[in-house]
Amino acid sequence: MQPSRAPACRRRPLAGLPLISLPLIALLLAAGCGGIGTLRGSSAESRPSAPTIDRDTQVAVLLAGTIQTLQRLAAGNPAEQAEIVATARQGYERAPGGGAQLRYALTLATPGHAARDAERARQLLRDLAAQPETLAPVERALTLFELAQLDRDLGLQVDNLRLQQAASRADQEKLTALNKKLQTEQDDNARLRRALDEAQAKLDAIANIERNLSERKRKPEGTVK
């Protein structure tokens, strides 16, 4: 008897997905694969009626697929990214709230595509967090986790902008001080030039007087002008 193969969902790649932690992904996949394994085991035993999958397992499997889609969104080309975003938006528009809203928010929060809108994603997640009854437990956990990530990231952006603005103000104040100092030096130089010009004019006048006196002394006495 050959050993049973592991469910295919365990072989899905997990690397490269932004914002969502690998332990959380592992929990989602484990929940989903556990439900699938239950179905397969029950089928092998040929039970008379198919087992019912509980809602938490269904949601976990759905979220596992969503995570794979977010991986493709982060690494895809612009056309593929636009298609993924459009699909998520249409799903949200058809059925606002619940899982569709969560998937759309996760799509908007994922970095690396032109339609990323972290502020909009945070608002959608806040709305979901305010209505926890619309979500399964695993969806509520993911909502709170992603909301905390966005709050932190956007908070850092605000702090960075504040620092840039403070630095800009400091640079502007420094530039203003330098311009004022330069203007003061230019005014001082202008005053010095005027003083030098006035002194030179006085020296020229004195030299002219002395030259006239010398010429008078050299003329013979009794010479009529």
| query | Residue check: is Glu146 in contact with a Leu (Cβ under 8 Å, 6 or more places away or on another chain) and either assigned to a helix (DSSP H, G or I) or at positive phi (or both)? | reply | yes
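Assess whether Asp187 counts as being under 37 Å from the mean Cα position of the chain (by Cα), assigned to a helix (DSSP H, G or I), without any contact (Cβ under 8 Å) to a residue 12 or more places away in the chain and surrounded by 10 or more Cβ atoms within 10 Å (Cβ to Cβ). Walk me through it before giving the result.
Values: under 37 Å from the mean Cα position of the chain (by Cα): no; assigned to a helix (DSSP H, G or I): yes; without any contact (Cβ under 8 Å) to a residue 12 or more places away in the chain: yes; surrounded by 10 or more Cβ atoms within 10 Å (Cβ to Cβ): yes.
Taking the combined requirement at face value, the residue does not satisfy it.
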| message | Consider the range 195-218. How many of its residues are under 60 Å from the mean Cα position of the chain (by Cα) and surrounded by fewer than 10 Cβ atoms within 10 Å (Cβ to Cβ)? | response | 0
| Quick check: anything in the range 30-51 assigned to a helix (DSSP H, G or I), surrounded by fewer than 17 Cβ atoms within 10 Å (Cβ to Cβ), among the aliphatic types (A, V, I, L, M) and modelled with pLDDT of 50 or more? | yes
| task | Scan the range 52-103 for residues that are among the β-branched types (Val, Ile, Thr), loosely packed, with under 13 Cβ neighbours inside 10 Å and either in contact with a helix residue (DSSP H, G or I) (Cβ under 9 Å, 6 or more places away or on another chain) or under 16 Å from Pro137 (Cα atoms) (or both) and report the count. | result | 0
| Looking at (1) within 30 Å of Gly99 (Cα to Cα); (2) surrounded by fewer than 10 Cβ atoms within 10 Å (Cβ to Cβ), which is the only condition Asp127 fails? | (2)
| message | Six or more apart or on different chains, Cβ atoms under 6 Å: show the pairs whose first residue is in the range 110-138 and more than 28 Å from Ala75 (Cα to Cα) and whose second is assigned to a helix (DSSP H, G or I) and among the β-branched types (Val, Ile, Thr). | response | Ala129/Thr143; Ala136/Val59
| field | Residue in the range 146-154 that is more than 15 Å from the chain's Cα centre (by Cα), farther than 30 Å from Gln131 by Cα and surrounded by 10 or more Cβ atoms within 10 Å (Cβ to Cβ) present | value | no
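The values are calculated or read from the model by the stated rules, or taken from the named source; none is laboratory data. A quick note: this is a predicted structure, and the numbers were derived from the prediction, not measured. Positions of Cβ are generated from backbone atoms using ideal geometry, with glycine treated the same way; all protein chains shown enter the neighbour counts.
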